[in-house]
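Below is one structure, written out as structure tokens, with a few remarks after it.
The values are calculated or read from the model by the stated rules, or taken from the named source; none is laboratory data. Nothing here was measured: the structure is a model prediction, and the numbers come from that model. Using ideal geometry, Cβ is built from the backbone for each residue, glycine included, and neighbour counts are taken over all protein chains shown. For the accessible areas, the whole protein counts, side chains as well, though only heavy atoms, and no ligand, DNA or RNA atoms are used. Shrake-Rupley method; radii C 1.70, N 1.55, O 1.52, S 1.80 Å.
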Amino acid sequence: MDPSSSGASLSSAGAEDEGAGAASHHFSYLRRRPMHPERFFSFARRYFGPLDQDLPPNDPCLPPSAPLGAAAVLSASGCVWFLGSDDMRAEWKFEAGSGESRVRRHLIRCGDPWADAGREDQPGAGDRRVELRVTYELDHESHESDAGTAVEVWERELLAALTACLITRDEAASLEAGHCELLSGPCEWEELRATHESLAPWVAQWRPLLGLLHGLTTFVSFLPGFSRLSSFGRAFSTWLIGCG
């Protein structure tokens, strides 16, 4: 597998929903070259805020930060090919949330195996790729002044940040020569993989029930007053612990 192989595609869809206020835009990114996991984790946190695993338990309501300039990201998702993970894709998902509770979601998790994982006769990258889609809107001031220029500047900056996560051709050549420094040492992605592999049989067995519970908790989190109620619950549990 040649990590330096690249078939690139980049596109931005036009504005949508202009009658509803600020126009939303779509940014698509496709590269057939792996990313360094630590660089991508750093990118995700820097521009889209903390991951769910970074937040206090049962507190998903922290307001998301606007990642780049005058743009506010509404959602982002896609699959990521990480260096050393030719067998399994990573999934990335960000939701800014809406409404009173402003529930947000931001996670990187193990996904399905690549379609051609384990096939030694598959040349090049095969199905492996980095394919992402970001939906965002500009603030009112940028939208009124020069939305076209603002979109171009914002997407150029986002493109540069993503491209910096890719394995460079020099790094790929070093790996081909047997220098594996890039693969040495523990990283978050490898920890996620280890946890996933140990839990995979149990999760597969209970997937229907887990999906039902996830849907129920998501619905409850959107109810008015959920943030206040969860804060009260944490305070009460702290009081009980103190009394004990």
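Worth pointing out:
- Count - residues of the range 130-187 that are at pLDDT below 85, open to solvent by less than 40 Å² (accessible area, probe 1.4 Å) and under 17 Å from Met35 (Cβ atoms): 2
- Residue ID - surrounded by the most Cβ atoms within 10 Å (Cβ to Cβ), chosen from residues in the range 71-85 that are in contact (Cβ under 8 Å) with a residue 60 or more places away in the chain and over 17 Å from His26 (Cβ atoms): Phe82
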